[in-house]
Amino acid sequence: MNRDFSLLAGRQFDLLICGGGVYGAWIAYDASMRGLRVAIIDQGDWASATSSASSKLIHGGLRYLEVYDFRLVSKALAERRRLLEIAPHRVWPLRFGVPVYADSRIGRLRLKTGLFLYDFLARLSGANRAGKSMTHRQFGRRTFHDRFPFLKCSGLKGGFTYGDAQTDDARLVLELVAGAMEAGAVCVNYCKLTEYIESRGLACGAALQDMLGHGSAHVSARQIISASGHWAATSDQGRSWCRLSKGTHLVMPALPTDEALLLTARSDGRVFFMIPWYGMTLLGTTDADYRGDPDHVAVGAEEVAYLLTEANRYIEKAWSELDIVGSYAGLRVLKRNDTASPSSASRDWVLKSASNGVHYSIGGKVTSAREDAASIVNMVCAKLGVDVPCQTMSRHLPWAPEDYAGWYAAIIARAMKLSIDHESAIWLARRHGKRTEEVLRMVENDAKLAERIMPGLPFIYSDLLYSAGNEMAVHLHDLLRRRMPLLILAKLRENDLGRIASVVAPLMHWDQARIKREVESCFQQ
Ligand SMILES: Cc1cc2nc3c(=O)[nH]c(=O)nc-3n(C[C@H](O)[C@H](O)[C@H](O)COP(=O)(O)OP(=O)(O)OC[C@H]3O[C@@H](n4cnc5c(N)ncnc54)[C@H](O)[C@@H]3O)c2cc1C
């Protein structure tokens, strides 16, 4: 994946996509596989906004059953099934526990009814590779506590577990961009759309700025999609379509379980999660109206206090601020509505068209972005008179191995033969899919590359070098936030960052001065 801004200048495309989050990436991948001439750009890195700040769940959204949004849940469950099938390396099953306490807002009977309905809707959407392991189970007090021994015992009546799925959101986007490129799309990160070019009131192209300082370019496009996330709300028209809500996650130490927990905040009744990810625990999320700067979405002190307070109501050994390893915040784009709290607003997606003919993707979920993108590309094809059906429904993702189970067993065995520890091997397979073989080949040539970069986290040096050489990272924080999210999973000190930057410097063509700048900019992320 090489970045080449010069491929844009003066070109005519069928479709220009502004925004390289999960929506833009699925649109680019889908459209380029249907044979359209596609360009996709992002003002920053791929997935540098909300699409690397989600809870990383591929889920139906159990909590939406409470507001009777069966359509949204069914749609998301069908997409969960599809993604587990077409991207077994990228999306994997994850079980959730739901404890029931004497004072729980949702009692045992209501929860059981909801979980029956969730399983029923999942079955309606068809079987999947996770099959029966997704259905819910009920536990008594003792057996539930044996499963989650770190939970407080007092008042615990029992609980349930149910199946959903998980991903690495930023790597999903990267894989889709790589797939679009393979299918012929021009994909350029750090490239900002500054202005639409119009002819007789209709947009027919755009002015683009190279954010790495190599000038600007004009491109022509027969259709333009803005998949610019919350930046859609920076115009008057956009503001009338959207409501923004900020969601924060804290990264906490590992809990002794490989299952997640769905919990209810005692202060306001909202649902929040504790989710295992790369060996750490994601604690989130918050959900509050946002009217601040779209370019700088920061974690607030009150959100930290809220999450720690609510988590500590459930766990025996309380967390303090000193236990926080990392944090991140992102903005949800919700359809404009007048509900009092953003958490009761619909998460559904909508396509809006401006008077100049530019189409805006508003809202949605990582989980359902494939289907929403397919309907956008259907609309674009209809406008262009192209009659090629969508292929993303059944086609494996570009890095998905054939015969996943057999491939997985063989690749883990091969990695362990090369002295790569088991946990790192599992994550390598999830991160790179069939390209893991190329990462292992690097270890075959240099055994030291099997070592972990940070002792407590499952990332090895060959992975770092492979990502630096092949995944269009421009800055150190691209590598350490989105290609491998060390920046949020560890408290990296200046000397850790300096060491990592020096390892990748020859591949990135960085001299000492640039290394220093790159390390400094990691502290500003
Ligand atoms: C806290 C939180 C938790 C969530 N958890 C989940 C979850 O677990 N599961 C789930 O399914 N969904 C989840 N979601 C929803 C999901 O993350 C979003 O729906 C999705 O990431 C939105 O993707 P997007 O492509 O529309 O926007 P973004 O990812 O925000 O992408 C928009 C891109 O446009 C670019 N851009 C903007 N303006 C320009 C310009 N002028 N020129 C060039 N580029 C531009 C930006 O740089 C950005 O990269 C969550 C959301 C939040 C906030």
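Brief remarks follow.
- Kirkwood's formula applied to the C-alpha pairs of the range 130-225 gives a hydrodynamic radius of 18.9 angstrom.
- Count, lysine Cα pairs under 28 Å in the range 371-525, 8 or more residues apart or across chains: 6
- Theoretical ellipticity at 222 nm over the chain - DSSP helices of four or more residues, -39500 (n - 2.57) apiece, nearest 500: -10500 deg cm²/dmol
- If you take the alpha carbon atoms of the range 22-122 and fit the smallest convex hull around them, that volume is 140 Å³ per residue.
- One quarter of the convex hull surface built on the alpha carbon atoms of the range 169-261 amounts to 10.4 nm², the projected area averaged over directions.
- For the range 375-525: Kirkwood Rh in Å [reciprocal of mean 1/r, alpha carbons]: 17.3
- Kirkwood radius and radius of gyration were both taken over the C-alpha atoms of the range 72-168, and their ratio Rg/Rh is 1.02.
- Set of lysines with alpha-carbon distance to K152 below 27 Å, sequence-local pairs under 8 removed: K56, K112, K317
- Bins of 20 Å from zero: percent of alpha-carbon pairs in the chain: 22, 58, 20, 0
- Residues of the chain: accessible area per residue with a 1.4 Å probe, Å²: 40
- Where Rh is the Kirkwood radius over Cα pairs, Rg/Rh for the range 447-525: 0.92
- Percent accessible area from carbon and sulfur atoms, the range 63-168, protein chains only, probe 1.4 Å: 58
- The chain: relative contact order as a whole-number percent, Cα under 8 Å and 6+ apart: 19
- Heavy-atom accessible surface of the range 331-428: percent carbon and sulfur, 1.4 Å: 53
The values are calculated or read from the model by the stated rules, or taken from the named source; none is laboratory data. Keep in mind that what you see is a predicted model, and the values were worked out from it rather than measured. Please note that ligands, DNA and RNA were not included when accessible areas were found on the heavy atoms of the full protein model with its side chains. Shrake-Rupley method; radii C 1.70, N 1.55, O 1.52, S 1.80 Å.
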